[in-house]
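A short worksheet on the structure shown next.
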Amino acid sequence: MSQTLAFLFPGQGAQAAGMGKALAQQFPVAAQVFAEADAALGFPLSTLCFEGPNEALTLTANAQPAIVATSIATLRVLEQETGLRPACVAGHSLGEYSALVAAGALTLADALRVVRERGRLMQEAVPVGVGAMAALFGLSADAVVQVCAEAAQGEVVSPANLNGGDQIVVAGHAEAVRRAIAVAKAHGAKRAVELTVSAPFHCALMSPAAEGLARVLATVPVSPLRIGVISNVRAEVNQDPQQVKDLLVRQVTAPVRWEESMQRLQALGCEAAIEIGPGRVLAGLLKRIVPGLPCVSVSEPAALEEARRIAG
């Protein structure tokens with residue numbers, strides 16, 4: 001008997017030179033996705049994915065479309081080679097766009113153009129060095145809210161990624177984030193480290209990016225969703241096309257409620273999950289949040305057999 005599946009899509013940070021190359025070489029359906037991406041964006045995104053350099057691939061305006069293209073190329077191969085279909089989908093931050101493509105709400109070309117612009121807007125919203133992000137380990141969500149309140153001192157610092165598995169990321173003004181690291185340690189955090197990021201994502205400092213994204217999305221059609229997408233903002237299933245744009249705009253400044261989103265999978269009756277696209281971060285988080293829910297990561301041809309096996 002086949003399992004009830006969830007498909008999960010990674011966010012920014014998963015990128016690495018060489019991603020998608022083996023799939024595109026082996027499967028025409030993946031090569032077609034990269035050709036479509038190159039045409040939609042008007043530059044060879046595929047070359048950036050396959051060859052790097054990593055410095056260029058890591059730039060937010062490049063990383064975002066690169067991860068979406070690689071995720072959808074992987075999805076198309078998985079669908080073609082295994083016939084597996086999900087009961088619901090979710091994506092971490094940027095990954096929500098891949099999830100919406102998978103659900104049929106956005107075309108690949110539209111999603112790529114939007115996230116290219118989203119990346120540029122997020123990068124430009126806060127001058128380099130003004131903002132920062134930090135990962136705090138071993139504190140509850142309530143404790144992190146308290147830490148941020150103590151550390152703010154009139155500046156912005158707030159929870160940005162409620163990742164689960166004992167990890168919460170905060171974002172805001174650089175000095176406020178550094179104060180939060182010190183306050184978190186005083187509150188008994190196991191560890192608190194500043195992250196190497198280009199901007200303070202998912203906090204109030206991203207408001208200019210949210211406003212710009214709303215203008216970009218205004219021209220993009222949203223089709224009926226074939227399956228539900230668990231939104232980052234609400235950690236609940238959405239299948240209403242009228243809600244999609246609002247949820248994506250709010251996502252820019254709101255925390256990613258990933259722990260609750262993964263707990264929602266269990267509540268929905270999902271029995272297994274497949275992480276689709278570069279990296280293995282989401283499988284690792286899910287293992288810590290819902291230990292009884294198996295998850296495999298598919299980013300290379302060799303992983304297709306494991307996906308078949310986990311799907312039962």
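Summary of computed values
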item: Region 59-84 residues that are more than 20 Å from Val281 (Cβ to Cβ), paired with ones that are crowded, with 24+ Cβ neighbours inside 10 Å and among the β-branched types (Val, Ile, Thr) (beta carbon under 7 Å, 6 or more apart); result: Arg76/Val33
item: From the options Arg257, Arg250, Arg264, residue that is at pLDDT 95 or above, surrounded by 23 or more Cβ atoms within 10 Å (Cβ to Cβ) and not assigned by TED's automatic domain parsing to the domain that holds Glu155; result: Arg257
item: Which numbered condition Ser2 misses (of (1) modelled with pLDDT under 95; (2) within 16 Å of Gly277 (Cα to Cα)); result: (2)
item: Test result for Ile72, closer than 19 Å to Leu121 by Cα and under 19 Å from the mean Cα position of the chain (by Cα); result: no
item: Filtered residues of region 268-291 (kept if small (Gly, Ala, Ser) and farther than 20 Å from Leu162 by Cα); result: Gly269, Ala272, Gly277
item: Some residue of region 28-35 being over 21 Å from Arg118 (Cα atoms) and crowded, with 20+ Cβ neighbours inside 10 Å; result: yes
item: Candidate set from region 284-312 (those that are acidic (Asp, Glu) and over 21 Å from the mean Cα position of the chain (by Cα)); member that is nearest to Ser261 (Cα to Cα); result: Glu306
item: Selected residue [at pLDDT below 95, in the same structural domain as Leu293 (by TED's automatic domain parsing) and in contact with a helix residue (DSSP H, G or I) (Cβ under 8 Å, 6 or more places away or on another chain)] from Leu75, Leu59, Leu94; result: Leu59
item: Matching residues in region 36-47 - criterion: being small (Gly, Ala, Ser) and either surrounded by 14 or more Cβ atoms within 10 Å (Cβ to Cβ) or in contact with a strand residue (DSSP E or B) (Cβ under 9 Å, 6 or more places away or on another chain) (or both); result: Ala37, Ala40, Ser46
item: Residue that is surrounded by the most Cβ atoms within 10 Å (Cβ to Cβ) [pool: residues in region 219-245 that are under 19 Å from Arg113 (Cβ atoms) and within 17 Å of the chain's Cα centre (by Cα)]; result: Val244
item: Residue match in region 183-192 (condition: surrounded by fewer than 23 Cβ atoms within 10 Å (Cβ to Cβ), outside any loop (DSSP other than H, G, I, E, B), in the same structural domain as Lys287 (by TED's automatic domain parsing) and not aliphatic (A, V, I, L, M)); result: no
item: So Gly119, is it of a type in the set (Gly, Ala, Ser), in a helix (DSSP H, G or I), more than 15 Å from Val256 (Cα to Cα) and under 18 Å from the mean Cα position of the chain (by Cα); result: yes
item: Enumerated helices (runs of 4 or more DSSP H) restricted to region 48-115, each holding at least 1 residues that are among the hydroxyl-bearing types (Ser, Thr, Tyr) and crowded, with 20+ Cβ neighbours inside 10 Å; result: 60-82, 95-102
item: Single residue of Val156, Val216, Val170, Val147 found to be modelled with pLDDT of 95 or more, among the β-branched types (Val, Ile, Thr) and more than 28 Å from Asp246 (Cβ to Cβ); result: Val147
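The values are calculated or read from the model by the stated rules, or taken from the named source; none is laboratory data. Treat the numbers as computed from the prediction; the structure is a model and nothing was measured. Reconstructed Cβ throughout: ideal geometry from the backbone, glycine too, with neighbour counts over all protein chains shown.
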